[in-house]
Amino acid sequence: MKVKIDTKEKFHVITIEQPGLPANMTEDMEQTLLPFLNNSIKNIIINFENVEEIEEPLAKLLVSISQTFYEQNSSLVICKLQTKIETYLDEKELLELLNTTPTESEAWDIVQMEEIEREFN
C-alpha cells in the first residue's frame, strides 16, 4: 500500500496515495496501521483525499482496526472522504462506526480532544 506518513507531536497523519483499496489489501492495511499501537505516538489520522474506491472487506477491516485503537486508548480518525466513498460506507452501515471528519484540521482537533479526555479518565 502506498502511503505518506507525517508525524506530529500527538499523532501521525497517514495519507493513502492510491485511488483504490481492494479487498486483497487487507493484510497491507493491518501491517501499515497496527504497528503504530506499539509506538510512543499511537494516534492516527488517515487522509483519504486520494482514495476513490474501497471494497467492503477493507472497509470492515478499517472499522475493526478503529475499534482496536480505541480499546487501547488511542485515536483513529479518517478525514477527507470522497463523497462516493462516504455514500458507500453509509449504505453498508459502516460510516457511523468510523470517526470521520471533512478536513484534516478537524481530525487534529478530535485527536487532541480525545487525548485530553483520556487524561481525565
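Values quoted throughout were computed directly from the atomic coordinates according to the rules given, and no laboratory measurement underlies them. None of these values were measured; they are calculated from a predicted model. All Cβ positions, even for glycine, are placed from backbone atoms using ideal geometry, and neighbour counts span all protein chains on display.
Data table
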item: Residue satisfying condition, being surrounded by 13 or more Cβ atoms within 10 Å (Cβ to Cβ) and in contact (Cβ under 8 Å) with a residue 40 or more places away in the chain, within set Glu115, Glu30, Glu86, Glu55; result: Glu115
item: Residue match in the stretch 93-113 (condition: outside any helix (DSSP H, G or I) and more than 14 Å from the chain's Cα centre (by Cα)); result: yes
item: In the stretch 61-78, residue nearest to the chain's Cα centre (by Cα) [restricted to those that are assigned to a loop (DSSP other than H, G, I, E, B) and under 15 Å from Ala107 (Cβ atoms)]; result: Ser75
item: Per-region count, the stretch 7-21, residues under 19 Å from Asn39 (Cβ atoms) and more than 14 Å from the chain's Cα centre (by Cα); result: 4
item: The listed residue being under 14 Å from the mean Cα position of the chain (by Cα), assigned to a loop (DSSP other than H, G, I, E, B) and within 22 Å of Lys2 (Cβ to Cβ), out of Leu81, Leu58, Leu89; result: Leu81
item: So Leu33, is it assigned to a loop (DSSP other than H, G, I, E, B), among the hydrophobic types (A, V, I, L, M, F, W, C), under 19 Å from Thr101 (Cα atoms) and under 14 Å from the mean Cα position of the chain (by Cα); result: no
item: Conditions (1) assigned to a helix (DSSP H, G or I); (2) farther than 17 Å from Glu114 by Cα; number of the one not met by Glu49; result: (1)
item: Any hit, the stretch 49-58, residues being out of contact with any Gly (no Cβ under 7 Å at 6 or more places or on another chain) and within 20 Å of Ile110 (Cβ to Cβ); result: yes
item: So Ile54, is it closer than 18 Å to Leu95 by Cβ, out of contact with any Phe, Trp or Tyr (no Cβ under 8 Å at 6 or more places or on another chain) and of a type in the set (Val, Ile, Thr); result: no
